[in-house]
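Shown next, in structure tokens, is the structure this report addresses.
The values are calculated or read from the model by the stated rules, or taken from the named source; none is laboratory data. These numbers were taken from a predicted model, which means no experiment stands behind them. Ideal geometry is used to build each Cβ from the backbone, glycine not excepted, and the neighbour counts take in all protein chains shown. These accessible areas exclude ligands, DNA and RNA; they are computed on the full protein's heavy atoms, side chains included. Shrake-Rupley method; radii C 1.70, N 1.55, O 1.52, S 1.80 Å.
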Amino acid sequence: MPTETFEFQVEARQLLQLMIHSVYSNKDVFLRELVSNASDALDKLRLAALKDDTLGADVSDLHIDIETDGEARTLTVRDNGIGMSYDEVGRLIGTIANSGTAQFVKELREAQDAGGAEGLIGQFGVGFYSGFMVADEMTLVTRRAGESQGTRWSSRGEGTYTLETVEDAPQGTSVTLHLKPADSDDQLHDYTSAWTIKDIVKRYSDFITWPIRTVPGKTDGDAAPEPETLNSMKALWARSREEVSDDEYHELYKHISHDWREPLETIRLQAEGTFEYQALLFVPSHAPHDLYTQGYKRGVQLYVKRVFIMDDCEALLPPYLRFVKGVVDAADLSLNVSREILQQDRHIRMMQRRLTKKILSTVKDTMTAAPDRYATFWREFGSVLKEGLLSDSDNRETLLAVASFASTHADDEPTTLAAYAERMKDGQEDIYYLTGETRESIENSPHMEAFRAKGIEVLLLTDPVDEVWVDVVGEFDGRRLRSVAKGEVDLGTQDGEQGDGEREKRSEEYAGLLGWMKETLGEDVKEVRLSSRLTVSPACIVSDAHDLTPALENMYRAMGQEVPTAQRILELNPGHLLVKGLNQAYKEREDRTELAETAELLHGLAVLAEGGRPKEPGRFVKLVADHLERSL
Ligand code: ADP
């Protein structure tokens, strides 16, 4: 087959431009990325050979060689791993298949300054392409295990790459970088120096479980005479805490997660006994942007006795901990274990329980030990963790204890439920909350008025999942969780402001109006009653204590479930002039046609105030306009 030239996909081209103009200050990391890919390829080959003994690949000496040539100014990273077929090279190296990276490129284009771009690169990592930070040309030669023909890929990182088949390629992959001209006063970054390579490998890739060797180059004066293994190859999870530095843990995290930033938490667990395993887990410092998408790859890597078995092993952690990365190495599993078997395995379920508890207890500890880290954790992952309040009743207490929420108590500092309970006023029995789309819309809701007037704290819940868990969980530490927009609220008697007698008198006064309004509004309302939650607004809409909120109804409908629309209650503020006037007019007038319009308007206003939409917006607007006209 002749050499063919292809164009890079648009996103890939944009990414390459960034690499060539290297917006990332720490260029050394390109080697970590190439070594990381090589290591994955060796893992894959070993696994493939285990599963298929007809593959015919030699797995007795799997390794990564790094070869430098000072005269030609090249650096080659070679592995004898799984390799790639011709089609795979085009698909994996020529395009950006990973949806995360495509998203990243989009964000990069929007990040105007180089500082923003550097931050973003750290956030996503760019693997193979990072070679173009230091090279003006890259060549990759590869042959897939079990195939006879190899493929050569080559590019200067500009608009195109070439592909051709080659006959004599060894199995595995070699990536050759033609380094950019040397920067004379920059000794550290001479990537043809064996010492530089050694230093970078030690720093970033020591834990890689395959030997990484330097092969002395033709003219490399300072290289060692023999191939030399640079890394210790010790699996970090199997070593004791004292032996491993934080930096080493962090590099493992970067290898596994493809995130270039430091993790927020490192969690170790070593279980002994009949079912032995070691776990090294990481909580990232930032939530990935695709955490809520269907295809999000969740779970940690599974090893069996140091042998890599699978990525994204979802059986090891519950879905609400899907952001946790890491490695679990089990001693007593079959190397042939499949995802289906893992889902049903009793030991795996026990592991899942133990790992979950360990992660949650770590979070709990940071609340007191490192409040800033906890705050970051909750900001990034709180809304995912709250899913656990629905699905994991075993850990509900712990989840409630580590949760925190925005509150009227403070503008920017979320509160725990325990702290809320401590601040509760004498006579207050329940924990109040209100759900809504934004903090602002909740704070401006008429339902908040009496609570604000009386200084009663209200939790402001804005995550979609909040609508659901508050209903399911129902209480915290013996105190009911109550929506300020549901059921009757009775704050008046708490400090004896409004006696029972006075209330009865009012009820009598308004009985006629309320009955007539219910009749006039018909099916639109379940009931019309006087409110004790309003101080400023004339009216508001509330749900019955056990009815679904409109947001929840919508959520169920979005999931394809049929739910009837719950009728809502209209509450009137008897202290408001409009309501007083309406009552007066109701008593005095025989012809109530115009009053019926006012009643309809009042209802529409209450619907608008809670973020809803009047049933017939056109008619509502016309009524408002007519009334305004008459008031001129
Ligand atoms: P990432 O490693 O984040 O997936 P890369 O751009 O580094 O992204 O690599 C893209 C894909 O190319 C890898 O997922 C892998 O399938 C393949 N690949 C890269 N390097 C090698 C290699 N040395 N051997 C086999 N496959 C490789």
Handout entry: Any pair with Cβ under 7 angstrom, 6 or more apart, that starts in the range 131-143 at a residue that is part of a helix (DSSP H, G or I) and ends at one that is more than 10 Å from the ligand (Cβ to nearest atom) and open to solvent by 20 Å² or more (accessible area, probe 1.4 Å)
Key = PHE132/ILE20; MET133/SER22; MET133/TYR24; MET133/LYS27
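Those residues that are within 16 Å of the ligand (Cβ to nearest atom) and closer than 23 Å to ALA370 by Cβ, I need them from the range 257-270; list them, please.
Our first condition is that a residue be within 16 Å of the ligand (Cβ to nearest atom); within the range 257-270, this holds for 257-261.
Correct list: SER257, ASP259, TRP260, ARG261.
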Practice task
Run ASP547 past the list (1) surrounded by 16 or more Cβ atoms within 10 Å (Cβ to Cβ); (2) not in a loop (DSSP other than H, G, I, E, B) and report the number of the one that doesn't hold.
Solution key: (2)
Completion exercise
Checked pairs for the range 558-576, first touching a residue at least 60 places away in the same chain (Cβ under 8 Å), second among the β-branched types (Val, Ile, Thr), C-beta under 6 Å and 6 or more apart or across chains, list as LEU572/VAL579
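Any chance you could count how many residues in the range 150-180 are more than 16 Å from the ligand (Cβ to nearest atom) and either assigned to a loop (DSSP other than H, G, I, E, B) or outside the structural domain of SER60 (by TED's automatic domain parsing) (or both)?
Taking the range 150-180 as the starting set, the residues that turn out to be more than 16 Å from the ligand (Cβ to nearest atom) are 156, 158-160, 162, 164-165, 167-168, 178-180.
Pick out the ones that are also either assigned to a loop (DSSP other than H, G, I, E, B) or outside the structural domain of SER60 (by TED's automatic domain parsing) (or both) and you get 156, 158-159, 167-168, 180.
Residues flagged as more than 16 Å from the ligand (Cβ to nearest atom) and either assigned to a loop (DSSP other than H, G, I, E, B) or outside the structural domain of SER60 (by TED's automatic domain parsing) (or both) within the range 150-180 amount to 6.
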Exercise for the section: Pick out the one residue from GLU147, GLU110 that is modelled with pLDDT under 75 and of a type in the set (Asp, Glu). Expected result: GLU110
Completion exercise
Flagged in the range 346-367 as more than 18 Å from ASP329 (Cβ to Cβ) and either touching a Cys at 6+ places or on another chain (Cβ under 9 Å) or among the aliphatic types (A, V, I, L, M) (or both), in numbering order, are LEU360, VAL363, MET367
Handout entry: Residues (farther than 14 Å from VAL327 by Cα, surrounded by 18 or more Cβ atoms within 10 Å (Cβ to Cβ) and either over 27 Å from the mean Cα position of the chain (by Cα) or aromatic (Phe, Trp, Tyr) (or both)) located in the range 232-271
Key = VAL244, TRP260
Practice task
Give, as residue ranges, the strands (runs of 3 or more DSSP E) completely inside the range 410-506 that count at least 2 residues that are surrounded by fewer than 20 Cβ atoms within 10 Å (Cβ to Cβ).
Solution key: 410-416, 479-483
Handout entry: Qualifying residue in the range 44-65 (condition: within 16 Å of the ligand (Cβ to nearest atom), buried (at least 17 other Cβ atoms within 10 Å of the Cβ) and among the β-branched types (Val, Ile, Thr))
Key = yes
Exercise for the section: Would you point out which residue out of LYS358, LYS386, LYS325 is over 27 Å from GLY273 (Cα atoms) and of a type in the set (D, E, K, R)? Expected result: LYS386
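Looking at the structure I just gave you, is ILE96 near the ligand (Cβ under 10 Å from one of its atoms) and at pLDDT below 70?
yes
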